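Presented below is the structure to which this report refers.
The values are calculated or read from the model by the stated rules, or taken from the named source; none is laboratory data. Owing to the predicted nature of the structure, the values given are computational and were not obtained by experimental measurement. Backbone-built Cβ (ideal geometry, glycine too); neighbour counts: all protein chains shown.
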Amino acid sequence: KAGVTQTPRYLIKTRGQQVTLSCSPISGHRSVSWYQQTPGQGLQFLFEYFSETQRNKGNFPGRFSGRQFSNSRSEMNVSTLELGDSALYLCASSPDRLAETQYFGPGTRLLVL
Amino acid sequence: GENVEQHPSTLSVQEGDSAVIKCTYSDSASNYFPWYKQELGKRPQLIIDIRSNVGEKKDQRIAVTLNKTAKHFSLHITETQPEDSAVYFCAASPNTNAGKSTFGDGTTLTVKP
């Protein structure tokens with residue numbers, strides 16, 4: 001099976017802009033989670049989607065949002081970008097919510113200037 | 001919510017020596033504890049995991065131990081090799097919420113030839 005894929009891999013934006021990142025889970029996986037990885041903060045949970053519904057949300061401002069489509073693909077959106085949003089955004093998929101193992105995508109590296 | 005602390009933040013060992021990384025967690029509802037290895041510029045990869053009904057698990061040179069009473073778990077790597085050099089993350093999650101893992105801040109392991 002193909003692994004988790006994320007697009008784009010790299011992105012440069014300026015403050016105030018918005019960005020949309022995409023994640024395609026492993027075929028058959030229905031749960032998608034998003035994480036922000038920064039050198040100082042490690043891996044921080046953003047949100048989890050299952051069956052097109054957000055099931056959990058981490059401690060991030062409302063500028064961070066997401067959605068999941070019927071084919072389990074997921075997108076996350078960050079509006080009004082700030083310099084501190086520069087990070088590697090990782091998504092991870094698992095077969096369902098009770099499955100424990102998550103498989104990570106390669107990430108999207110976002111640089112906000 | 002869950003809080004995971006990981007120590008040490010950096011670890012340098014000589015090739016052939018053992019390496020131990022320790023994590024503590026706060027939420028007694030957590031019962032799944034994976035360890036991920038992230039090489040520079042790559043995605044986190046699951047290397048071993050343990051569930052709360054097991055005290056120890058071993059896979060070749062890697063082992064993980066769990067003490068539920070004390071709420072801590074450890075990763076042990078024996079006979080380290082230069083290719084073990086990477087950042088290692090521990091995580092904790094409750095089985096009813098597989099997509100929402102709380103990660104430690106990571107340990108940068110350097111194995112010197």
(request) Return yes or no: is B:Ala86 of a type in the set (Gly, Ala, Ser), touching a Lys or Arg at 6+ places or on another chain (Cβ under 6 Å) and within 23 Å of A:Gly3 (Cβ to Cβ)? (result) yes
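Let me confirm something: among A:Ser72, A:Ser65, A:Ser27, which residue is under 14 Å from the mean Cα position of the chain (by Cα), small (Gly, Ala, Ser) and within 30 Å of B:Trp35 (Cβ to Cβ)?
Among A:Ser72, A:Ser65, A:Ser27, only A:Ser72 is under 14 Å from the mean Cα position of the chain (by Cα), small (Gly, Ala, Ser) and within 30 Å of B:Trp35 (Cβ to Cβ).
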(request) Filter segment B:12-46 for residues that are within 12 Å of another protein chain (Cβ to nearest Cβ), more than 20 Å from B:Pro94 (Cβ to Cβ) and either at pLDDT 95 or above or buried (at least 18 other Cβ atoms within 10 Å of the Cβ) (or both) and give the result. (result) B:Lys37, B:Gln38, B:Arg43
(request) Please give the number of the condition A:Lys1 fails out of (1) within 11 Å of chain B (Cβ to nearest Cβ); (2) out of contact with any Pro (no Cβ under 9 Å at 6 or more places or on another chain); (3) of a type outside the set (Asp, Glu). (result) (1)
(request) Residues that are surrounded by 14 or more Cβ atoms within 10 Å (Cβ to Cβ) and either within 14 Å of chain B (Cβ to nearest Cβ) or touching a helix residue (DSSP H, G or I) at 6+ places or on another chain (Cβ under 8 Å) (or both): find the strands (runs of 3 or more DSSP E) completely inside segment A:7-92 holding 1 or more of those. (result) A:19-24, A:31-38, A:42-50, A:53-57, A:64-68, A:74-78
(message) Scan segment B:72-80 and tell me whether some residue there is within 14 Å of another protein chain (Cβ to nearest Cβ), touching a Leu at 6+ places or on another chain (Cβ under 9 Å) and either surrounded by 13 or more Cβ atoms within 10 Å (Cβ to Cβ) or of a type outside the set (D, E, K, R) (or both).
(response) no
(request) Tally the residues that are closer than 12 Å to B:Ile77 by Cα and of a type in the set (Gly, Ala, Ser), restricting the search to segment B:51-66. (result) 1
